[in-house]
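Participant: One structure follows; several queries about it will come next.
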Amino acid sequence: MKNVIYIAACASLIGLSSCQDIFIDLEPLDTKTELVYFQTPEHFREYATGLYNQLNGWQCRYGSIFDYMDCSSDLSTYFANNADVGSGKILVGANDGRWDNCYANIRAVNMLFKKAEEYKGNKADLQQSLGEGYFFRAYSYFYLLKFFGGVPIVTSVLDVDSPELYAARNSRYEVIDLILSDLQHAIDYLPTEQTIPSEDKGRISKGGAKAFKARVLLYEATWRKYNGTTTDFEGSAGPAKDQVNEFLDEAIALCEDVMKDSAYALWNYNNIAAMNNLSNRYLFCIENESSNNAGKGKDSNKEFIIYSVYDKATRPASIDLTQTLWKLTPSRKLVDMFLCTDGLPITISDKFKGYHHRGDEFENRDYRLQSYLGTKEQNIGTLLTGGNAGYTSYKFTVSNRTVSNKDEYSNYPVLRLAEVYLNYAEAVYERYGKIEDAQLNKSINLLRSRAGVAPLTNKLISDHADAMNMLDEIRRERTIELYMEGFRYDDLKRWGKMEEELNESRCGMIVGDANYKTDFVDDDGNSIPNMYSPNTFVWGDEEVETGDGNLKAVVIISKSEISVDKKSYLWPIPQRQIDMNPNLKQNPGY
């Protein structure tokens with residue numbers, strides 16, 4: 001949307017910004033503005049354009065974007081942010097910007113619908129704008145659902161004395177019904193990607209709405225399958241596993257529609273030698289033709305299906321993006337998840353080179369390891385004492401030019417084709433308890449091919465049944481491919497595995513000992529000065545299971561600091577909302 005990027009002013013003119021003491025944004029309409037807007041289809045289009053600032057992006061409306069990059073999960077740690085859901089230390093706050101902003105967003109959309117009902121012209125001319133409105137209302141309600149569970153449903157523009165202000169929470173089942181209904185309206189109303197002109201690229205398409213609906217269906221189906229009603233607030237109605245197979249069937253069908261759409265394709269230029277097999281890195285930092293060795297600009301990226309648009313002149317990231325990302329610490333657990341090129345885990349692959357020399361563990365591995373965490377050469381430097389514990393995040397960073405802080409302008413991926421492939425494979429397996437090789441070949445194996453990894457097949461699993469199973473491998477692919485894209489917490493929760501996976505120490509690089517010599521110890525097992533010393537890390541080192549047996553690794557955060565339980569699956573309703581509306585029941589455990 002080169003010439004119409006996020007005209008937020010249009011939305012704020014008619015009440016998008018919130019006033020002080022709000023449950024849901026109740027700022028009265030400016031009647032003067034109403035006389036100006038909503039008189040022509042172009043007015044509706046401009047207003048709908050203003051809704052696009054609701055998409056997640058570098059300038060996130062719901063907190064720091066770095067909160068969505070698997071920080072403090074079992075995959076990575078950022079020392080400035082390690083006391084949240086990842087460690088089970090969620091507290092009841094007076095306010096929560098996610099709640100306030102989402103309801104402000106919902107009000108803005110409801111205003112669009114209200115004005116469309118009053119419009120005297122041909123309502124068919126408003127179809128695309130209304131489709132965008134339905135998408136964004138679903139987007140906000142899904143966001144609320146993931147954080148809070150069932151929330152109050154509001155589908156009209158409220159006034160200061162509207163009785164809905166004091167309504168009880170709707171169940172998650174009612175919220176899901178609204179989300180899916182809105183997304184179906186979006187699918188019906190929105191244009192195909194092929195018919196969106198180049199100057200409008202970045203607007204939501206029919207394919208984008210389908211892909212997002214498939215995401216919601218898979219999320220809710222697996223949540224119900226593995227969690228049932230165990231997280232619901234008291235009095236929230238709904239059967240534990242109702243609609244699971246129905247949701248999975250529709251998710252599969254929608255994914256297939258998007259996978260067959262010629263408008264979308266993986267961004268893969270690993271056939272160009274100068275790319276050094278780093279397509280998975282450069283995909284996320286495309287600014288212009290000089291930002292990658294393939295010489296490809298943003299118009300080459302057909303993989304991003306829904307994304308926030310950024311521009312060097314009109315909308316740079318305006319945050320310390322690259323410099324901050326270099327401070328993120330990928331975990332030992334994540335590094336060991338990446339397969340060897342033969343498609344086998346490092347625990348059983350003959351291709352794994354071990355940890356005796358820094359960088360050896362990067363040999364014969366998935367290209368995504370070096371794309372997301374740096375090449376072998378970038379990971380053989382000094383282990384910083386008291387610092388990043390040995391690994392650095394490179395995904396989303398712009399490192400092939402002199403980066404001025406805050407001037408990056410790569411687009412932010414909200415939903416991309418790779419996720420659709422992963423959603424498809426997981427939905428098929430969850431629905432039928434199996435997946436055929438042909439289904440793997442048109443989904444996950446396309447990602448493995450780009451990553452230089454042998455295909456996932458049923459024979460590969462059966463040949464190594466003592467060490468591998470299909471569901472775990474599908475989940476492994478998801479974890480690796482979508483690292484730092486904001487999925488890890490949601491995935492662990494909907495799989496019912498957050499307690500199991502998060503109540504463990506977060507560890508970094510292998511440091512070895514006298515029995516397993518590494519570059520960090522001398523022949524007598526003593527630490528080499530300026531390389532590694534456990535005394536400089538708060539929690540020292542810990543023996544962990546690795547690709548070379550149980551070995552010592554530096555500890556980033558000790559399990560003694562972590563206590564995750566079922567209540568951590570949802571955040572508490574902000575106390576101020578409950579004070580203003582006593583009919584709102586708090587989530588369990590708070």
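Every number here is computed from the coordinates shown, using simple stated rules; none is lab data. No experiment lies behind these values; they were computed from the predicted model shown. Neighbour counts run over all protein chains shown; Cβ positions are idealised from the backbone, glycine included.
Participant: Please list the three semi-axes, largest first and in whole Å, of the ellipsoid equivalent to the stretch 236-359, using sqrt of 5 times the eigenvalues of its alpha carbon gyration tensor. Don't jump to the answer; show the numbers that get you there.
Facilitator: Numbers: eigenvalues 186, 152, 74 Å².
So the equivalent ellipsoid measures 31, 28, 19 Å along its semi-axes.
Participant: Using the number of other C-beta atoms within 10 angstrom as an exposure proxy, rank D182, D491, D257, D437 with the fewest first. Can you show the working numbers first?
Facilitator: Values: D182 25, D491 19, D257 16, D437 13.
Going from sparsest to densest Cβ surroundings: D437, D257, D491, D182.
Participant: Working out 0.36 nm times the residue gap between N288 and S558, then minus their Cα-Cα distance, what length gain in nm do you get to one decimal? Write down the numbers at each step before the final one.
Facilitator: On the way: separation 270, 0.36 × 270 = 97.20 nm, distance 4.21 nm.
So the extension gain works out to 93.0 nm.
Participant: Helix 470-481 sits at what angle to the longest principal axis of the chain, using alpha carbons and giving 0 to 90 degrees rounded to 10?
Facilitator: Orientation of helix 470-481: about 80 degrees from the principal axis.
Participant: Can I ask one more? So for the stretch 302-362, averaging the separation of alpha carbon pairs under 8 Å that are six or more residues apart and normalising by length, what relative contact order in percent results?
Facilitator: Answer for the stretch 302-362 is 13 percent.
Participant: For the chain, build the convex hull from the C-alpha positions and give me its volume per residue in Å³.
Facilitator: Each residue corresponds to 150 Å³ of Cα convex hull volume.
Participant: To the nearest 0.05, what FRET efficiency results for E118 and E246 with a Förster distance of 41 Å applied to their C-beta separation?
Facilitator: 0.65
Participant: On a 27 Å Cα-Cα criterion, which of the cross-link pairs K225/K434; K201/K260; K302/K497; K201/K296; K302/K333; K210/K493 come out too long?
Facilitator: Cα-Cα > 27 Å for K302/K497; K302/K333; rest within.
Participant: Quick check on the exposure proxy: order H43, H356 from fewest to most C-beta atoms within 10 angstrom.
Facilitator: Lowest to highest Cβ neighbour count: H356, H43.
Participant: Determine the relative contact order of the stretch 60-178: mean sequence separation of Cα pairs under 8 Å and six or more apart, normalised by residue count, in whole percent.
Facilitator: For the stretch 60-178, the relative contact order is 21 percent.
Participant: If you don't mind, there's one more thing I want to ask. On a 0 to 90 degree scale, rounded to 10, what angle separates helix 206-226 from the longest Cα axis of the chain?
Facilitator: Helix 206-226 sits at roughly 70 degrees to that axis.
Participant: When the Karplus curve 6.51 cos²θ - 1.76 cosθ + 1.60 is applied with θ = phi - 60°, which whole-Hz ³J(HN,Hα) does each residue of the stretch 575-590 get, with x for Gly and Pro?
Facilitator: 4, 5, 5, 5, 4, 7, 9, x, 6, 7, 8, 6, 5, x, x, 10
Participant: Grab the beta carbon distance between N405 and Q575, set R0 = 35 Å, and tell me the FRET efficiency rounded to 0.05.
Facilitator: Efficiency for this residue pair is about 0.45.
Participant: Next question. Mean separation of Cα pairs under 8 Å and 6+ residues apart, divided by the residue count of the chain: what relative contact order is that in percent?
Facilitator: Averaging sequence separation for qualifying contacts and normalising by length gives 19 percent for the chain.
Participant: Additional query: Skipping prolines and chain starts, which residues have an amide H placed within reach, meaning under 5 Å, of the one on D513, given they are 5 or more residues away or on another chain?
Facilitator: It is T518, by chain and number.
Participant: Another question, then. From the helices alone, meaning DSSP H stretches of at least four residues, give me the mean residue ellipticity at 222 nm for the chain, per-run term -39500 (n - 2.57), in deg cm²/dmol to the nearest 500.
Facilitator: -10500 deg cm²/dmol
Participant: Which peptide among 326-333, 171-178, 300-307 comes first, and what is the full order, when sorted by highest mean count of other Cβ atoms within 10 Å? Intermediate results must be reported in sequence, preceding the final value.
Facilitator: Numbers: 326-333: 23.0, 171-178: 19.4, 300-307: 20.9.
Ranked by mean Cβ neighbours within 10 Å, highest first: 326-333, 300-307, 171-178.
Participant: Continuing with this model, one more query. What angle do you read, to the nearest 10 degrees and between 0 and 90, between the alpha-carbon axis of helix 127-148 and the longest principal axis of the chain?
Facilitator: With rounding to tens, the tilt is 50 degrees.
Participant: Something else: Highest first, please rank the peptides 478-487, 533-542 by the mean number of other Cβ atoms sitting within 10 Å of their residues.
Facilitator: Ranking, from highest mean packing down: 478-487, 533-542.
Participant: Along the principal axes of its C-alpha atoms, what lengths does the stretch 543-590 span, in descending order and rounded to whole Å?
Facilitator: 56, 16, 14
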